[in-house]
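The values are calculated or read from the model by the stated rules, or taken from the named source; none is laboratory data. The structure presented is a predicted model; accordingly, all values stated were derived computationally and were not measured. Note: ideal-geometry Cβ built from the backbone for every residue, glycine included; neighbour counts use all protein chains shown. Note: accessible area is taken over every heavy atom of the protein model, side chains too, but ligands, DNA and RNA are not part of it. Shrake-Rupley method; radii C 1.70, N 1.55, O 1.52, S 1.80 Å.
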Amino acid sequence: MTKKSAYNVAIVGATGAVGETFLNVLAERNFPIAKLLPLASARSVGKNVTYAGKDYPIEELRHDSFKDIDIALFSAGASRSVEFAPSAVKAGAVVVDNSSAFRMDKDVPLVVPEVNPQDIFTHKGIIANPNCTTIIMLVALKPLYDYAKITRVIVSSYQSASGAGAKAMQELTDQAKAWASGKPLAVSAFAHQLLFNVIPHVDVFTDNGYTKEEMKMYNETRKMLHDDNVKVSATCVRVPVLSAHSEAITIETASKITASKARELLSKAPGVKLVDEPDKRSYPMPLFAAGQDLCHVGRIREDLSFENGLSLWVSGDQLRKGAATNAIQIAEELIK
Ligand SMILES: NC(=O)c1ccc[n+]([C@@H]2O[C@H](COP(=O)([O-])OP(=O)(O)OC[C@H]3O[C@@H](n4cnc5c(N)ncnc54)[C@H](OP(=O)(O)O)[C@@H]3O)[C@@H](O)[C@H]2O)c1
């Protein structure tokens, strides 16, 4: 990308949960923006978004929206990415896409800057931001992989309502209000009532019995580590938390890694905050990881069920590190 003092940035899906986080994170990180273009559906035309204290009118996403845009941050769902990202590339923009549309395309790098930053520069116009649950897991696992080579991952996720978008987050809040006032609870964003429940069903089921979300964790982990020998078995679960996903992870490594070595590595790892003093009731929780860019890692212990096993618990804000912050870190690498 040609070096400039400031860049024209389009945000596709600017009214959504990720879009709003993009606006906050760009402002917080002082990203050098010359022109900001918020795009959404025709439904949002006439509304504004606020960036760094100033209102910007939302425009409808169209094929000709990208003239003079340097960087297009997409978060409006996979079908919009498939339809409009090629137009953005054709107009000269680099697309960082949050959807699943291009992640497994062999010509599209899939990047977490703490894991495989070198892949950014192989792009041909589109860079994919990985699945949010996979990003949070890999930030914690990369230092352990580098030290002892992970061969197997067994992971259960505890995914917050906002992972399914702004309306889903609202649905959980509305269910809490309805329950408190003795009214019936409306259910539409999830397969079942989420309040006072956990739902072992994130995204659609595939033929092998895993959901698409679980298969993203399998496929995307292997792609980013450039290692098809790593096996991942995931169970993805929606829990009645508003923001930040958590994950119970057990790994098997080729060589032994002790809990204290893992703690030492993770205390220095980029993107990680070690929160591991259980005797002081200090361990990662979504309540405290929400709003943070660092993934909180703790409950580190040697696994009792097999040799060379290590278990840990991670909480990370999936709208920030799992989506907006990761994409903006990629954009920062591009303009360095
Ligand atoms: N939520 C997360 O934690 C998370 C994490 C990682 C990745 N992602 C991915 O990011 C994307 C957005 O997720 P989200 O959670 O932010 O969803 P969301 O809150 O439902 O927002 C969806 C956004 O897409 C826009 N949109 C929908 N249909 C459109 C159309 N026909 N033309 C233009 N814009 C359209 C919406 O605009 P209107 O307001 O005008 O409808 C809104 O801005 C998805 O691909 C999702 O998989 C989400």
Go through the residues of region 83-106 one by one and say whether even a single one is near the ligand (Cβ under 10 Å from one of its atoms), in contact with a Cys (Cβ under 9 Å, 6 or more places away or on another chain) and assigned to a helix (DSSP H, G or I). no
Test result for Arg301, among the basic types (Lys, Arg) and under 27 Å from Arg29 (Cβ atoms): no
Which residues, counting only those in region 20-41, are open to solvent by less than 60 Å² (accessible area, probe 1.4 Å) and either more than 14 Å from Ala331 (Cβ to Cβ) or under 21 Å from the mean Cα position of the chain (by Cα) (or both)? Thr21, Phe22, Leu23, Val25, Leu26, Ala27, Phe31, Leu37, Pro38, Leu39, Ala40, Ser41
Filter region 1-19 down to the residues that are in a loop (DSSP other than H, G, I, E, B) and surrounded by 13 or more Cβ atoms within 10 Å (Cβ to Cβ), then identify the one that is farthest from the ligand (Cβ to nearest atom). Met1
Suppose we keep only residues that are basic (Lys, Arg) and assigned to a helix (DSSP H, G or I) within region 268-320. Which one would you say is surrounded by the fewest Cβ atoms within 10 Å (Cβ to Cβ)? Lys280
Every residue from region 202-226 that is assigned to a loop (DSSP other than H, G, I, E, B) and either surrounded by 15 or more Cβ atoms within 10 Å (Cβ to Cβ) or touching a residue at least 40 places away in the same chain (Cβ under 8 Å) (or both): Val202, Asp203, Tyr210, His226
In region 145-165, the residues that are surrounded by 15 or more Cβ atoms within 10 Å (Cβ to Cβ), of a type outside the set (A, V, I, L, M, F, W, C) and either farther than 23 Å from Gly322 by Cα or away from the ligand (no atom under 16 Å from the Cβ) (or both): Tyr145, Tyr147, Lys149, Thr151, Arg152, Ser156
State all residues of region 166-201 that are open to solvent by 50 Å² or more (accessible area, probe 1.4 Å) and aromatic (Phe, Trp, Tyr); if no residue qualifies, say none. Trp179, Phe196
In a loop (DSSP other than H, G, I, E, B) and either under 25 Å from Gln292 (Cβ atoms) or away from the ligand (no atom under 15 Å from the Cβ) (or both), is that true of Lys35? no
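What number of residues in region 59-82 are of a type in the set (Lys, Arg) and either more than 10 Å from the ligand (Cβ to nearest atom) or exposed (fewer than 13 other Cβ atoms within 10 Å of the Cβ) (or both)?
So the count comes out to 2.
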Residues of region 107-126 classified as without any contact (Cβ under 8 Å) to a residue 60 or more places away in the chain and assigned to a loop (DSSP other than H, G, I, E, B), total: 6
Return the pairs, sorted by first residue and then second, in which the second residue is surrounded by 12 or more Cβ atoms within 10 Å (Cβ to Cβ), the first residue lies in region 259-282 and is of a type in the set (S, T, N, Q), the beta carbons are less than 6 Å apart, and the residues are 6+ apart or on different chains. Ser267/Leu274; Ser282/Val275
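Just checking, does region 127-144 include any residue being outside any helix (DSSP H, G or I), buried (at least 19 other Cβ atoms within 10 Å of the Cβ), more than 12 Å from the ligand (Cβ to nearest atom) and modelled with pLDDT of 95 or more?
yes
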The one condition in (1) away from the ligand (no atom under 16 Å from the Cβ); (2) under 17 Å from Ser99 (Cα atoms); (3) touching a Lys or Arg at 6+ places or on another chain (Cβ under 6 Å) that Asp203 fails to fulfil: (1)
